[in-house]
Amino acid sequence: MTDTSSRNAELAARDLAHVWHPCTQMREHAAQFPLIPIVRGDGAWLIDADGKRYLDGISSWWSCLFGHANPRVAAAIAEQAEKLNHVMLAGFTHEPALRLAEELVQITPPGLTRVSYAGDGASAVEIALKMSFHYWHNTGQPRRRRFVALANAYHGETLGALSVSDLPLYRAVYGPLLFDPIVAPSPDWLDAEPGENPDDVARRRLADLRALLERHAQEVCALIIEPLVQCSGGMRMHAPSYLTGLRKLCDEFDVHLIADEIAVGFGRTGTLFACEQAEITPDFLCLSKGLTGGALPLSAVLTTDKVYDAFLGDYAANNAFLHSHTFSGNPIACAAALASLAIFHDEPVLERNRTLASHLAQRLEPLREHPHVSGLRQTGWIAAFDLVKDKASHTSWPPAERRGLCFYKHALERGLLLRPLGDTVYFLPPYCIDEGDIDCMVDVAIESVGIATT
Ligand SMILES: *Cc1c(COP(=O)(O)O)cnc(C)c1O
């Protein structure tokens, strides 16, 4: 580990002198597990400074759709960088931003016609929350100032996004700084009562939500949801019928619906957008992660003419949406996004994914019988299971044992990058993965389950 003859070790040591990494207890890098310096990406693979290859089974936090260093995306970035790096989007525009807006309006659910840009997922969530609140202010309902969020939700880590998130690991310590949403129970199908199917769970949770809205709708701006899969909350899944019912309830109680498809958008659930499976249009749609094919930070919030029109008026009325980020609609990032969308356009991506996703499902099936695996589940391209101490009673391992981390370390050693959320192992590979690599990924995962649960 302290072998300084290795290029990995040298880079890791220099890094640790200054770089403060996200989502990391920095002390552990010094001793327990070394940082891995990556020098190159090649399709579904990452290559470290000592030449070791890792199959990226989670698309580097669910972002790189078509693999690392995708040549079409890379060429678009290079071409745009030579023409125009950046110009502010206030008072100016450029073709990549307007073309991307045109295309996003084309491919997202009908009725979403207005596109606002930001840099990261969390900033998109901030925009959606602020726009919804401001809409009610502009339309004479200033009493509406609360949000409904789901139990187990995750929407990012800036203060507003964290406020509507429900994961104590990230939220608890900042509690005093945050606003409190009204929390509705998650429609997670793993919470089924005996005899219930996912649609039954959805129906029961919609009834809970109705009761909640009957009490609170007058003070609510919007409900925010990760459609079909609560990703950071442990890849918890729900039936499309929940979304259909949700749209109806939001209409009935005149509450905005914010769909956070930052993780699930761009084909992850099997359809281009998760909302399509319920045939609904949200009032706000948040996109990021895969938007640029995972090459550059960019996010977008789409909304309706109805919302947009409520912000038009005399300058003096101060009802415009003045929220801004310096790099809103950056031309290079927009060019990357256009290149990524062109791949969807030119290739049968979703069809190919369906074939590969069923291959993955088939290969994972033997794990269903494993004595320490529970809740094997899949929605489209996202598959997951939980490592448990006792399958029959659904007893988790004591968190201090960090079985998921043990899984992670063993898989990495074997050249596979899967980064469990606690004890939840999940697969979210780039779309360029082939059947051979899926087989290799599942074989190593099964071996790692064995190591992590003995
Ligand atoms: C990752 C994620 C975010 C936050 O995006 P960042 O770019 O990390 O700020 C928000 N919502 C969901 C559903 C996410 O998965």
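Taking the stretch 423-450 as the search range and keeping residues that are charged (D, E, K, R) and in a loop (DSSP other than H, G, I, E, B), which one is surrounded by the most Cβ atoms within 10 Å (Cβ to Cβ)? Even if it seems obvious, please write down each step before you answer.
Of the residues in the stretch 423-450, the ones charged (D, E, K, R) are 423, 434-435, 437, 439, 443, 447.
Retained after the next criterion (residues that are in a loop (DSSP other than H, G, I, E, B)): 423, 434.
Working: D423: 25, D434: 13.
My answer is D423.
Quick one: which helices (runs of 4 or more DSSP H) sit completely within the stretch 239-350 and have at least 3 residues that are over 27 Å from A76 (Cα atoms)?
Numbers: elements: 240-252, 305-309, 331-346.
The helices (runs of 4 or more DSSP H) meeting that bar are 240-252, 305-309.
Report, by residue number, each residue of the stretch 345-360 that is in contact with a helix residue (DSSP H, G or I) (Cβ under 7 Å, 6 or more places away or on another chain) and closer than 13 Å to I382 by Cα. Before you say what the answer is, go through the steps one by one.
We begin by selecting, within the stretch 345-360, every residue in contact with a helix residue (DSSP H, G or I) (Cβ under 7 Å, 6 or more places away or on another chain); these are 349, 356, 359-360.
Correct list: L356, H359, L360.
Yes/no matrix, rows are residues, columns are (1) farther than 18 Å from G121 by Cβ; (2) buried (at least 22 other Cβ atoms within 10 Å of the Cβ):
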{"residue": "E157", "(1), (2)": "no, no"}
{"residue": "Y170", "(1), (2)": "no, no"}
{"residue": "A192", "(1), (2)": "yes, no"}
{"residue": "P198", "(1), (2)": "yes, no"}
{"residue": "R203", "(1), (2)": "yes, no"}
{"residue": "C231", "(1), (2)": "no, yes"}
{"residue": "S241", "(1), (2)": "yes, no"}
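Scanning the stretch 375-391 for residues that are open to solvent by 50 Å² or more (accessible area, probe 1.4 Å) and within 19 Å of G57 (Cα to Cα) turns up at least one hit. Evaluate the stretch 203-225: report whether one residue or more is in contact with a Gly (Cβ under 9 Å, 6 or more places away or on another chain), within 25 Å of V425 (Cα to Cα) and in contact (Cβ under 8 Å) with a residue 12 or more places away in the chain. Within the stretch 203-225, not a single residue is in contact with a Gly (Cβ under 9 Å, 6 or more places away or on another chain), within 25 Å of V425 (Cα to Cα) and in contact (Cβ under 8 Å) with a residue 12 or more places away in the chain.
V73 fulfils the conditions (1) surrounded by 15 or more Cβ atoms within 10 Å (Cβ to Cβ); (2) farther than 14 Å from L296 by Cβ; (3) of a type in the set (A, V, I, L, M) except for a single criterion, (2).
For the stretch 172-190, which residues satisfy the criterion of being open to solvent by less than 70 Å² (accessible area, probe 1.4 Å) and within 16 Å of the ligand (Cβ to nearest atom)? Matches in the stretch 172-190: L178, P181, S186, P187, D188.
For A44, state whether it is modelled with pLDDT of 95 or more, touching a Lys or Arg at 6+ places or on another chain (Cβ under 8 Å) and at negative phi.
No, not satisfied.
If I go through the stretch 281-302 residue by residue, how many of them are β-branched (V, I, T) and open to solvent by less than 10 Å² (accessible area, probe 1.4 Å)? Let's see the steps before the verdict.
Going residue by residue through the stretch 281-302, those that are β-branched (V, I, T) are 281, 292, 301.
Subsequent filtering for residues that are open to solvent by less than 10 Å² (accessible area, probe 1.4 Å) retains 292, 301.
Going through the stretch 281-302 one residue at a time, the tally reaches 2.
Scanning the stretch 181-196 for residues that are under 25 Å from the mean Cα position of the chain (by Cα) and free of Cβ contacts under 8 Å to residues at least 24 places away in the same chain yields a total of 2.
Of all residues in the stretch 247-278, those satisfying the criterion of being within 16 Å of the ligand (Cβ to nearest atom) and in contact (Cβ under 8 Å) with a residue 60 or more places away in the chain are I258, D260, I262, A263, V264, F266, G267, R268, T269, F273, C275.
Could you identify the single residue in E193, E214 that is more than 19 Å from V148 (Cβ to Cβ), charged (D, E, K, R) and out of contact with any strand residue (DSSP E or B) (no Cβ under 8 Å at 6 or more places or on another chain)? Steps first, answer last, please.
Values: E214 fails: more than 19 Å from V148 (Cβ to Cβ).
Answer to the selection: E193.
Are there any pairs with C-beta distances below 7 angstrom linking a residue in the stretch 113-131 that is open to solvent by less than 10 Å² (accessible area, probe 1.4 Å) to a residue that is near the ligand (Cβ under 7 Å from one of its atoms) and part of a loop (DSSP other than H, G, I, E, B), with the two at least 6 apart or on different chains, and if so which? Sorted first by the residue in the stretch 113-131, then by its partner, the pairs are A124/I262; A124/S288; V125/H155; V125/G156.
Go through the stretch 79-121 and give me each residue that's over 27 Å from the mean Cα position of the chain (by Cα) and either within 16 Å of the ligand (Cβ to nearest atom) or hydroxyl-bearing (S, T, Y) (or both). Scanning the stretch 79-121 gives a single hit, T93. Taking the criterion of being more than 23 Å from the chain's Cα centre (by Cα), basic (K, R) and either part of a loop (DSSP other than H, G, I, E, B) or not assigned by TED's automatic domain parsing to the domain that holds I47 (or both), the residues of the stretch 402-422 that qualify are R402, R414. Identify the single condition in (1) away from the ligand (no atom under 14 Å from the Cβ); (2) at pLDDT 95 or above; (3) of a type in the set (F, W, Y) that Y315 does not satisfy, given that it satisfies every other one. Unmet for Y315, out of (1) away from the ligand (no atom under 14 Å from the Cβ); (2) at pLDDT 95 or above; (3) of a type in the set (F, W, Y): (2).
A single member of Y135, Y154 is assigned by TED's automatic domain parsing to the domain that holds S328 and under 16 Å from I262 (Cβ atoms), and it is Y154.
Only residues that are exposed (fewer than 15 other Cβ atoms within 10 Å of the Cβ) and in a helix (DSSP H, G or I): list them for the stretch 355-374, please.
Step one: list which residues in the stretch 355-374 are exposed (fewer than 15 other Cβ atoms within 10 Å of the Cβ), which gives 355, 358, 361-362, 365-366, 368-369, 371.
Within the stretch 355-374, T355, S358, A361, Q362, E365, P366, R368, E369 qualify.
To keep it simple, each residue is scored yes or no on (1) open to solvent by 50 Å² or more (accessible area, probe 1.4 Å); (2) assigned by TED's automatic domain parsing to the domain that holds N330; (3) closer than 23 Å to G265 by Cα; (4) of a type in the set (V, I, T).
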position	(1), (2), (3), (4)
L11	no, no, no, no
L16	yes, no, no, no
M26	no, no, no, no
H29	no, no, no, no
G43	no, no, yes, no
S60	no, no, yes, no
L84	yes, yes, no, no
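The values are calculated or read from the model by the stated rules, or taken from the named source; none is laboratory data. Fair warning: this is a prediction, and the values are worked out from it, not measured in the lab. Glycine also receives a Cβ, built like all others from the backbone with ideal geometry; neighbour counts cover every protein chain displayed. We work out accessible area using only protein heavy atoms, side chains counted, and drop any ligands, DNA or RNA first. Shrake-Rupley method; radii C 1.70, N 1.55, O 1.52, S 1.80 Å.
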